[in-house]
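A short write-up of the structure that comes next.
The values are calculated or read from the model by the stated rules, or taken from the named source; none is laboratory data. All values derive from a computational prediction rather than experimental measurement. Every residue, glycine among them, receives a Cβ derived from its backbone with ideal geometry; neighbour counts consider all protein chains shown.
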There are 4 protein chains.
Amino acid sequence: MRQHEIQFRVRYSETDAMGFLHHANYFSYFEVGRTELFRAQGGDYRAMEEGGLFLVVAKLDCRYRVPARFDDLLTLRTTITAASEAKLEHEYQLFREETLLCTGHSTLACVDRSGALQRMPAELLRMCGEST
Amino acid sequence: MRQHEIQFRVRYSETDAMGFLHHANYFSYFEVGRTELFRAQGGDYRAMEEGGLFLVVAKLDCRYRVPARFDDLLTLRTTITAASEAKLEHEYQLFREETLLCTGHSTLACVDRSGALQRMPAELLRMCGEST
Amino acid sequence: MRQHEIQFRVRYSETDAMGFLHHANYFSYFEVGRTELFRAQGGDYRAMEEGGLFLVVAKLDCRYRVPARFDDLLTLRTTITAASEAKLEHEYQLFREETLLCTGHSTLACVDRSGALQRMPAELLRMCGEST
Amino acid sequence: MRQHEIQFRVRYSETDAMGFLHHANYFSYFEVGRTELFRAQGGDYRAMEEGGLFLVVAKLDCRYRVPARFDDLLTLRTTITAASEAKLEHEYQLFREETLLCTGHSTLACVDRSGALQRMPAELLRMCGEST
């Protein structure tokens, strides 16, 4: 499984004075999307952290097309676009019904508690459909 | 020293669709106020945490009088109203020039890394003017 | 209907360096709880704002008992404890399974676009079981 | 003037369970950087919004190199890298002393209250050193 969708509503606390979902909050949604994709694959990110491995964000981008508002019911589609021992790449597409609101990307690396780079766990790569 | 003031501006990301500073963000300001009061007393909260003691919030309240907007230059007055081995109490008053926008209170307890209750450090109480 | 429950997970972005759900974020949960209770009553807070009436927070408090962590599945029970033309009061209880994590309260007032106090709409009070 | 620096400390509420400044919060810092650069140029973004023109984010990216922690004293250098009637581009470099923590970019467009695209105001472009 390399793709997963979640649905949620924009919270009032996530809006800004322009009346829109504030641009920084999209990245917190993307994080929820990755976590839920991992759960749907059978993974457990919290257990992974408790085991001493952390996925840290190395790069992020987002292109905003149409703004979202309070209480909008949104669908976030999260797709793994690359998975290797070095990094994990996701693409995010946020929709309100059929309208694409934004497209984003992230690159994650794996580190230990001290922050030293580690290989992505083989089990995580297998869940992403990589033969290891 | 039991009272300290800081000045800062409301960030756009802290506003909401009503055009006001969102009510939850006042509590993050209060936290900055406590940290800066502690620094002005000669304390270092980060070092305290690195030493294994944490101040956790047991109670919070806030009464909102006048809303704040993006870019408002605000003054937060933080006052220690009680300090004992069991707890630390602060009062917060947020002003825009002479106008009082809100009044808040917090009660903090001290815990160790495992979350077990600890006595407030004697040095912290001395900084608050308590004879220990 | 005066009580409603929602379930959700703690997001990573809502945690802090102590490893816990940050104390300010509970108030954003409470806001979601009120919105969903209003929706379950047949109301639509967004439409109410579009119609020119806003519910503003006059008072908030929270007593924290047990911390929450990333990915915890929480249940928020929101209860209307008072409803009148002058104000609306809610109580919040946040649970992780059977464990009560915190109890909070809010008092809301109704204002128009200019911020002038208004009576709570009769329809809103009827939804809360008040005869008007 | 096309470059400006601000200094601030990482707030506790901005950290996450990894013990670091959460990656989404960098974008709120960038927004403060742009606002303060505009103020240093003699502009007033709040007045611009009150006049009916809004700068909306069309694209964002950030490359994270070294994490930041609670209470770190950071310097954000904001630079205008392109300014035209169609868009405004900024680069952001965040430092802890001499260490570069991240580099980010944003592209802003100008819209009116209805969300319709507008030309960047001539006065804003002049402040950025563009002859119009």
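The table below gives the values:
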read-out: Tally of residues being surrounded by 17 or more Cβ atoms within 10 Å (Cβ to Cβ) and acidic (Asp, Glu) across region C:1-46; value: 4
read-out: Of all residues making up region B:9-21, the number that are in contact with a Leu (Cβ under 7 Å, 6 or more places away or on another chain) and either more than 7 Å from every other protein chain (Cβ to nearest Cβ) or assigned to a loop (DSSP other than H, G, I, E, B) (or both); value: 3
read-out: Region B:22-38, residues that are without any contact (Cβ under 8 Å) to a residue 60 or more places away in the chain, more than 7 Å from every other protein chain (Cβ to nearest Cβ) and either in contact with a Lys or Arg (Cβ under 6 Å, 6 or more places away or on another chain) or under 12 Å from B:LEU94 (Cα atoms) (or both); value: B:GLY33
read-out: Count of residues meeting criterion [surrounded by fewer than 17 Cβ atoms within 10 Å (Cβ to Cβ) and under 16 Å from the mean Cα position of the chain (by Cα)] in region A:47-58; value: 1
read-out: Given (1) within 7 Å of another protein chain (Cβ to nearest Cβ); (2) more than 12 Å from the chain's Cα centre (by Cα); (3) of a type in the set (Ser, Thr, Tyr), number of the condition B:THR75 does not satisfy; value: (1)
read-out: Flag if C:PHE8 is modelled with pLDDT of 95 or more, closer than 22 Å to B:ARG65 by Cβ and not small (Gly, Ala, Ser); value: no
read-out: Every residue from region B:78-87 that is farther than 22 Å from B:ASN25 by Cβ and more than 14 Å from chain C (Cβ to nearest Cβ); value: B:ILE80, B:THR81, B:ALA82, B:ALA83, B:SER84, B:GLU85, B:ALA86
read-out: Extreme residue, surrounded by the most Cβ atoms within 10 Å (Cβ to Cβ), among residues of region C:63-72 that are within 25 Å of A:TYR29 (Cβ to Cβ) and either of a type in the set (Phe, Trp, Tyr) or at the interface with chain B (Cβ under 8 Å from one of its Cβ atoms) (or both); value: C:PHE70
read-out: Residues of region C:45-62 satisfying the condition of being within 8 Å of another protein chain (Cβ to nearest Cβ) and farther than 27 Å from C:GLU97 by Cβ; value: C:TYR45, C:ARG46, C:GLU49, C:PHE54, C:VAL56, C:VAL57, C:ALA58, C:LYS59
read-out: Subset of region C:36-74 [part of a loop (DSSP other than H, G, I, E, B), over 18 Å from C:ARG126 (Cβ atoms) and in contact with a helix residue (DSSP H, G or I) (Cβ under 7 Å, 6 or more places away or on another chain)]; value: C:PHE70, C:ASP71
read-out: Cβ-Cβ under 9 Å pairs, at least 6 apart or on other chains, region A:70-85 side among the acidic types (Asp, Glu), far side part of a strand (DSSP E or B) and buried (at least 18 other Cβ atoms within 10 Å of the Cβ); value: A:ASP72/A:LEU21; A:ASP72/A:LEU101; A:GLU85/A:CYS110
read-out: Cβ-Cβ under 8 Å pairs, at least 6 apart or on other chains, region C:107-129 side in contact (Cβ under 8 Å) with a residue 40 or more places away in the chain, far side among the acidic types (Asp, Glu); value: C:THR107/C:GLU89; C:LEU108/C:GLU89; C:GLN118/C:ASP112; C:LEU125/C:GLU85
read-out: Enumeration of residues in region B:75-90 that are in a strand (DSSP E or B) and either of a type in the set (Asp, Glu) or surrounded by fewer than 18 Cβ atoms within 10 Å (Cβ to Cβ) (or both); value: B:THR75, B:ARG77, B:THR79, B:THR81, B:ALA82, B:GLU89
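This table checks each residue for (1) in contact with a Phe, Trp or Tyr (Cβ under 7 Å, 6 or more places away or on another chain); (2) without any contact (Cβ under 8 Å) to a residue 60 or more places away in the chain; (3) closer than 30 Å to D:SER114 by Cα.
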{"position": "D:ARG9", "(1), (2), (3)": "no, no, no"}
{"position": "D:TYR12", "(1), (2), (3)": "yes, yes, no"}
{"position": "D:THR15", "(1), (2), (3)": "yes, yes, no"}
{"position": "D:MET18", "(1), (2), (3)": "yes, yes, no"}
{"position": "D:GLN41", "(1), (2), (3)": "no, no, yes"}
{"position": "D:ALA47", "(1), (2), (3)": "no, yes, yes"}
{"position": "D:PHE54", "(1), (2), (3)": "no, yes, yes"}
{"position": "D:ARG65", "(1), (2), (3)": "no, yes, no"}
